[in-house]
1. Pull out all pairs, ordered by first then second residue, where Cβ-Cβ is under 9 Å, the residues are six or more apart or on different chains, the first lies in the range 79-91 and is under 17 Å from SER120 (Cα atoms), and the second is open to solvent by 40 Å² or more (accessible area, probe 1.4 Å) and among the hydroxyl-bearing types (Ser, Thr, Tyr).
2. Within the range 144-162, which residues are open to solvent by less than 40 Å² (accessible area, probe 1.4 Å) and in contact with a helix residue (DSSP H, G or I) (Cβ under 7 Å, 6 or more places away or on another chain)?
3. Can we say LYS65 is at pLDDT 85 or above, basic (Lys, Arg) and more than 23 Å from the chain's Cα centre (by Cα)?
4. Quick one: which residue in ILE304, ILE233, ILE268, ILE309 is open to solvent by less than 20 Å² (accessible area, probe 1.4 Å), part of a helix (DSSP H, G or I), farther than 23 Å from VAL52 by Cβ and among the β-branched types (Val, Ile, Thr)?
5. Out of everything in the range 104-126 that is open to solvent by 10 Å² or more (accessible area, probe 1.4 Å), in contact with a strand residue (DSSP E or B) (Cβ under 7 Å, 6 or more places away or on another chain) and not in a strand (DSSP E or B), what residue ends up being modelled with the lowest pLDDT?
6. Report yes if some residue within the range 205-212 is in a loop (DSSP other than H, G, I, E, B), surrounded by fewer than 24 Cβ atoms within 10 Å (Cβ to Cβ) and either touching a strand residue (DSSP E or B) at 6+ places or on another chain (Cβ under 7 Å) or free of Cβ contacts under 8 Å to residues at least 12 places away in the same chain (or both); otherwise report no.
7. Determine whether GLU141 is open to solvent by 70 Å² or more (accessible area, probe 1.4 Å), at pLDDT 90 or above and under 20 Å from PRO81 (Cα atoms).
8. Among all residue pairs at least 6 apart or on different chains, which show Cβ distances below 6 Å where the first residue, located in the range 328-354, is assigned to a helix (DSSP H, G or I) and the second is aliphatic (A, V, I, L, M) and modelled with pLDDT under 75?
Amino acid sequence: METDHRATIELCRLIFETKNAKHVNVCKERIEEFSKTISESDLAPEVKDSQVNKDADEHMNKLEKAALYFAYNAVNFSFFPDRGEKRWFVVKAEDAGKGEEVEYVGVDDEAHAIVHALLSDRKNLLNDFDALQKLSESDVEEIFQPAPSAGRLPLISERTRCLNLLGKAYANLCSCPRPVSECRCQPIENLLHKSKHSAPEFVRLLCEACPIFDDSAKYEMKDDDDSTHTITIQFHKRAQLLASMLNSDSIAVFTNMDSLTVFADYRIPQLFRHLGIIKYSEYLSGLVDKQQEIKNGSPEEVEIRAATIYASELLRACLEERLKSDLDSSQTVQMTNARLDYYLWSKAVDLAENDIDTKDKKNLSIDADASITDFQNQCQFCFIDAIYLIYSKLNYR
């Protein structure tokens, strides 16, 4: 049975409508005000203009591009360097060995460096599930070798593990009885076929096959009779982002993209807090302003991510209603959360690039990409949506 992420939206709504939330508040009036500043022309079709999609080799076929997007999302987390260390970026492949006359990739956005490294170093590795499973840390170090003036890519051991598990997932999705060396199976094609053009089903199957994508969190709800029960919120940030990337590049044609949520990372909460759409309690504001750690899976973090999804859904509904009223009856409007997410993420990045103090830091974690803790120089760090700064215990599934 497919996972309908509208159930996730409903759970996020209940956290705030039943007044269970203790640390974050959603301001509906600010959402309506903000919606009036957004026009139809502002909204790109999902992530069609994503730089990652643009960076893909134009000579790659659809399955090769799909393999790139799978590998990219498997290692798309936590690029912020250790304190005192330099940021990671790479030398453009064709410039290697040219000394000082080189062009760098990923200086302002690690996403470019990740894609460039995956493509230029071991292109055949992307969909070779046997090679992926056998990757060592030294192999991954070589793939993501930094430029001479750059720092080392953080969390090499964790990225190695993620690529190993991706390879294992590919192997499990392969139904071929022949030895690996003779197998011509296409596990990604099998996964897409099994999803039957359903984005939520693709996400469910992906999380089942490759648990590194299963981004869920538990939250304790209080009932009217003062008893409590625990809910599980399936954020599935990177899995949904992968579905959107595949759909926007016509690698997969999903018929129900409207069943997905926004991708609950750290950028959108930065924007929403800046606009007054979400407000933190005095306690949470104190943690944020003092740059204190907020642990992965804590109520504070879950509420930030849940508020992101709930506020975004309210904004999406607001926009869809207004845009429908602006068009004649013969025209239709499909305002998906994937489409809205790309606009909101771009808007948040603009704030950082313009040196507007959004103040939200992040937590070092693969699963959760919520807005966590403040910092002064937001604009000089990380323009990729999956990174945390404060060092808490890693939670890998």
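1. PHE89/TYR104; PHE89/SER149; VAL90/TYR104; VAL90/SER120; VAL91/TYR104
2. Within the range 144-162, PHE144, ILE156, ARG159, THR160, CYS162 meet the criteria.
3. no
4. Testing whether each residue is open to solvent by less than 20 Å² (accessible area, probe 1.4 Å), part of a helix (DSSP H, G or I), farther than 23 Å from VAL52 by Cβ and among the β-branched types (Val, Ile, Thr) leaves just ILE304.
5. HIS112
6. Taking every residue of the range 205-212 in turn, none turns out to be in a loop (DSSP other than H, G, I, E, B), surrounded by fewer than 24 Cβ atoms within 10 Å (Cβ to Cβ) and either touching a strand residue (DSSP E or B) at 6+ places or on another chain (Cβ under 7 Å) or free of Cβ contacts under 8 Å to residues at least 12 places away in the same chain (or both).
7. Here the answer is no, as GLU141 does not meet what is asked.
8. These pairs meet every condition: TYR342/ALA44; TYR342/VAL47.
The values are calculated or read from the model by the stated rules, or taken from the named source; none is laboratory data. Just so it is clear, the model here is predicted, and its values are computed rather than measured. Ideal geometry is used to build each Cβ from the backbone, glycine not excepted, and the neighbour counts take in all protein chains shown. Areas reflect the complete protein model, heavy atoms only, side chains present, ligands, DNA and RNA absent. Shrake-Rupley method; radii C 1.70, N 1.55, O 1.52, S 1.80 Å.
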